[in-house]
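Student: My structure is below; once you've seen it, I'll send some questions.
The values are calculated or read from the model by the stated rules, or taken from the named source; none is laboratory data. Note that the structure is predicted; figures quoted are calculated from it, not measured. Cβ: placed from backbone, ideal geometry, glycine included. Neighbour counts: every protein chain shown. Keep in mind that these areas ignore ligands, DNA and RNA; they rest on the heavy atoms of the full protein, side chains included. Shrake-Rupley method; radii C 1.70, N 1.55, O 1.52, S 1.80 Å.
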Amino acid sequence: MLSAQRLRNELAPWLEDLGEAPDDVGVREDVIYEVVSIYRKNGFPDARVTIDDEITESAYIPSQRNQVERTIVISVFEGSRAYLQDFVVVGNTAIGDEALKGAFPWLRPGLLPAGRAIFTESALRSGVAAIKLLYSLRGYLDVKVTAEPDRRNVTRVNEEKIGPPEPEVDEIHMKVVVRVEEGTQTTLAVIDVVPGSITDPLVLRRLTGVAVGDPVTPRLRVEVQSRVRRRLQDLSYYLVQVHVELEDLGDHQRRLVLAVTEGGRYTFGSIIVTGNPRTRSVFIRDRLGIEFGEEFSATALETGQRALNATGLLKRFDLELLHSEYDQHRLDIVIDVEEREAIRLETRVGFSTYELGRLGVGALHRNLFGWGIEGRLEGLASFRGEELEARLKYPYLWDRGISLELRGKYRRFEEVSFERQETLGTVTLSFPVDRKLSFNTGFELRDEDVTDFDRLLDEVNESSRAHVVFVGGRHDDRDSPIATTEGRLFSGRFEYSDEAFGSDLDFLRVTLRGSHTQEISDRWGLVVALQLGLIDRLDTGVVPIGERFFLGGARSVRSFRQDRMPPRDEFGNEIGGEAFAVTSVELRPKLWGDFSGAIFLDGGSLTADVAEFAGRNWRFAGGLGLIWNSPVGPLRLDAGITLNPERGDDQWAIHVLLGQPF
């Protein structure tokens, strides 16, 4: 049931040893042990493994007639798989059955993780250990947990076997009874505080974070000691000493004794920076966020160190606290840094069926003027066009993590129905909420010139100027933006253009995109994606073709070539639409090595007039794909077929894409 390729991948180090020392008995025993372990972890308790040699003589080549070839054969008898047939927990009152059953990490095969649970000894041991931990965290220090597995072989008769029929084991059904002897909960009966010279005993008692009647856990003493020390250090007691003891009062009760020696209050002194020829010292001090004379705080110091590390400008930094020679209760901060290279050359490569090859070359300066300002200049060319872009970004506006970005860009691109030339300038303020969620707002000046569309509708303008106020947001908790296996990505953007801003156009544009990726079993992944967009023309009589939405291609409905979905004009040219919706569902089976497959279903609707948009004109595509997780990102080959084609539609399309489609 386990593929040979999977075994080769998991056994690669041991197979290499076996190839180097095929006669070493110890190496052979190691290989056998590892193979059996893999099978038992996957629910095959009766798996057996042998290693044999096959010797063949090269009899057909005269020059090699006396040579022999040696082949090492690893034979596996898998046996039957063990499934969890029944699972019972008895003796528990403090923790419910569902919580305890959820502690066992049973494997579940199949496309969806809702199939029958596979029984393994390792999962059984892990579950028992997890239950003991759950009880210890609630104060049940004497809990006893035992698991009693009962095996029953389900047999069948092999009718095809020559000779008398003999029963063979078809499946192994396991019944597991987990018995819990909870014992008595151990709790805190008394909290005694030996006061320091300064801090009030009542304050110290609150700093412990515990109360009489709370359960006693294995780490309670260490946790209280660490908690009190940190909180007193945040109150400027730099050299505080904390001692915590737990005394047994009998009858499962404990006394907590806390003794504190504060050691005086401290303040921060001078901040001295060394080893920074390219970065201004005042910038490093600002990132640290600590002022001269400020009361000492361990949390403030750690926060400042994280901020310094987040700049990405320093290869390393060492921070040392020294007693000031002028005041023994003042701590000078000495920061010795080693800077990273400020300038980095970058190249980007890409490929899609429509653009064919893409090549980008750029330079990034991460520390302009020594203030951490990022400057980037990049040029990109493909077989369909070229672009040049310059950016300036200051990530530390108002010292709150808000970034200010200025961007200028020129782009020429050959669309399917026309050629676009655009020049834009953008001012953007970005507001990160956390590492996953961010918002942005800004103003964009966008001038477009559209040419080579002689046979398009007369009402489509050749050029336009849009001055846009925009607001956007993004939530990204994917495990990797390149090779995503788990996570979600949601983004939205709202644009408003008005003649009051100097624009030729009055419109409101909304674009929403989202995708969810997850592994639904050890061999299958699932991706669900949704895209929506609309343009409300407001007082403008028409939306120029350069501002419209287009569908079709590797990132939308994959049975159409790039931007080839209707609506079309009377000459058959695609003219885009004012509203669209795209939904995609994709299953990704793992194949071998770095290769996986794709089974997808896309649906898309594009409407010429937003007033008529109600999910009309849907086209559906089904298809298959092959994905190679290359060193530079996923390289995809997708083939889609239109399931409900109409006149003029593409019947099928093949797409090659370097990157994620959603």
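Student: What shape does the stretch 510-570 have by the C-alpha gyration tensor, where a ≥ b ≥ c are the square roots of the eigenvalues, rounded means a/c under 1.5, and otherwise prolate means a/b greater than b/c and oblate the rest? Working shown, then result.
Tutor: Numbers: a/c = 5.17, a/b = 1.98, b/c = 2.61.
Since a/c reaches 1.5 but b/c is at least a/b, the shape of the stretch 510-570 is classed as oblate.
Student: Please give the contour-minus-distance gain from Leu635 to Glu223: 0.36 nm per residue of separation, less the Cα-Cα distance, rounded to one decimal in nm.
Tutor: On the way: separation 412, 0.36 × 412 = 148.32 nm, distance 4.88 nm.
Difference between extended and current length: 143.4 nm.
Student: Sticking with this structure for a sec: Keeping every protein chain present and rolling a 1.4 Å probe, give me the accessible area per residue for the chain in Å².
Tutor: Working: 35460 Å² over 662 residues.
With all protein chains present, the chain gives 54 Å² per residue.
Student: Can you sort Asp170, Asp602, Asp539 by solvent-accessible area, 1.4 Å probe, largest first? Don't skip to the answer; put the middle values down first.
Tutor: Details: Asp170 70, Asp602 0, Asp539 135 Å².
Ranked list, largest accessible area first: Asp539, Asp170, Asp602.
Student: Enter the accessible area of Val27 (Å², nearest 10), with the probe set to 1.4 Å and all protein chains included.
Tutor: 30 Å²
Student: With the Cα gyration tensor of the stretch 174-325 giving a ≥ b ≥ c as the square roots of its eigenvalues, does the rule (a/c under 1.5 for rounded; else a/b larger than b/c for prolate; else oblate) give rounded, prolate or oblate? List each step's numbers first, then the result.
Tutor: Numbers: a/c = 4.21, a/b = 1.76, b/c = 2.39.
Taking the square roots of the gyration eigenvalues as a ≥ b ≥ c, the stretch 174-325 is oblate.
Student: Let me ask something else. Run the reach check for Lys409 against lysines, Cα to Cα strictly under 21 Å, same-chain hits fewer than 8 apart removed. What comes back?
Tutor: Straight-line reach from Lys409, under 21 Å: Lys393.
Student: Within the chain, which whole H helices from DSSP have a Cα span along their axis of at least 15 Å and a mean Kyte-Doolittle hydropathy of 0.5 or more, if any?
Tutor: 121-136
Student: What GluC sites (Glu not before Pro) in the stretch 285-370 are in a loop by DSSP, with at most 13 other Cβ atoms within 10 Å of the Cβ?
Tutor: Values: sites: Glu291, Glu294, Glu295, Glu302, Glu320, Glu325, Glu338, Glu339, Glu341, Glu346, Glu355; in loops: Glu291, Glu294, Glu325, Glu341, Glu355.
Qualifying residues, ordered by number: Glu291, Glu294, Glu325, Glu341.
Student: In the chain, carbon and sulfur make up what percent of the accessible area (probe 1.4 Å)?
Tutor: Values: 18780 of 35460 Å².
It is 53 percent, rounded to a whole number.
Student: Here's a follow-up. Glu419 accessible area, nearest 10 Å², 1.4 Å probe?
Tutor: My reading of the accessible area for Glu419 is about 30 Å².
Student: In deg cm²/dmol and to the nearest 500, what is the mean residue ellipticity at 222 nm of the chain if only DSSP H runs of at least 4 residues count, each as -39500 (n - 2.57), divided by the residue total? Mind dumping the intermediate values first?
Tutor: Working: 9 runs with 96 residues, N = 662.
Calculated from helices alone, the mean residue ellipticity at 222 nm is -4500 deg cm²/dmol.
Student: Take the alpha carbon gyration tensor of the chain, find the square roots of its eigenvalues, order them as a ≥ b ≥ c, and report rounded if a/c is under 1.5; if not, report prolate when a/b exceeds b/c, else oblate. Write out the running numbers ahead of the final one.
Tutor: Values: a/c = 1.85, a/b = 1.10, b/c = 1.69.
Cα axes put the chain in the oblate bin.
Student: At a probe size of 1.4 Å, how large is the accessible area of Thr583, to the nearest 10 Å²?
Tutor: 50 Å²
Student: Give me the extension gain from Leu437 to Asp286: residue separation times 0.36 nm, minus the current Cα-Cα distance, reported in nm with one decimal.
Tutor: Details: separation 151, 0.36 × 151 = 54.36 nm, distance 2.45 nm.
Residue separation times 0.36 nm, minus the Cα-Cα distance, leaves 51.9 nm.
Student: Would you mind checking Lys315/Lys436; Lys41/Lys144; Lys132/Lys436; Lys41/Lys101; Lys132/Lys175 for any pair whose Cα atoms are more than 23 angstrom apart?
Tutor: Values: Lys315/Lys436 25 Å; Lys41/Lys144 25 Å; Lys132/Lys436 34 Å; Lys41/Lys101 19 Å; Lys132/Lys175 21 Å.
The answer is Lys315/Lys436; Lys41/Lys144; Lys132/Lys436.
Student: Enter the Cα centre distance for the pair the stretch 246-297 and the stretch 496-557, rounded to the nearest angstrom.
Tutor: The two parts, judged by their Cα centres, are 49 Å apart.
Student: Let me ask something additional. Provide the percentage of antiparallel DSSP beta bridges, counting only those with both residues in the chain; round to the nearest 5.
Tutor: Details: 209 of 230 bridges.
Given both bridge residues lie in the chain, the antiparallel proportion sits at roughly 90 percent.
Student: Continuing with the same structure: Can you pull out the trypsin sites (Lys or Arg not before Pro) in the stretch 342-408 that DSSP calls coil and that have at most 10 other Cβ atoms within 10 Å? List each step's numbers first, then the result.
Tutor: Working: sites: Arg344, Arg348, Arg358, Arg366, Arg376, Arg384, Arg391, Lys393, Arg400, Arg407; in loops: Arg384, Arg400.
Passing sites in the stretch 342-408 are Arg400.
Student: While we're here: How about the stretch 282-348: which chymotrypsin sites (Phe, Trp or Tyr not before Pro) there are in a DSSP loop, with at most 14 other Cβ atoms within 10 Å of their Cβ?
Tutor: Working: sites: Phe283, Phe292, Phe296, Phe317, Tyr326; in loops: Phe292, Phe296, Tyr326.
Passing both the DSSP loop test and the Cβ count: Phe292, Tyr326.
Student: Based on the Cβ-Cβ distance from Ser270 to Glu386, what FRET efficiency comes out when R0 is 41 Å, to the nearest 0.05? Walk me through the numbers before you get to the answer.
Tutor: Values: r = 53 Å, r/R0 = 1.28.
E between Ser270 and Glu386, to the nearest 0.05, is 0.20.
Student: Quick check: residue separation of Asp17 and Leu538 times 0.36 nm, minus the Cα distance between them. What number comes out in nm?
Tutor: 180.3 nm
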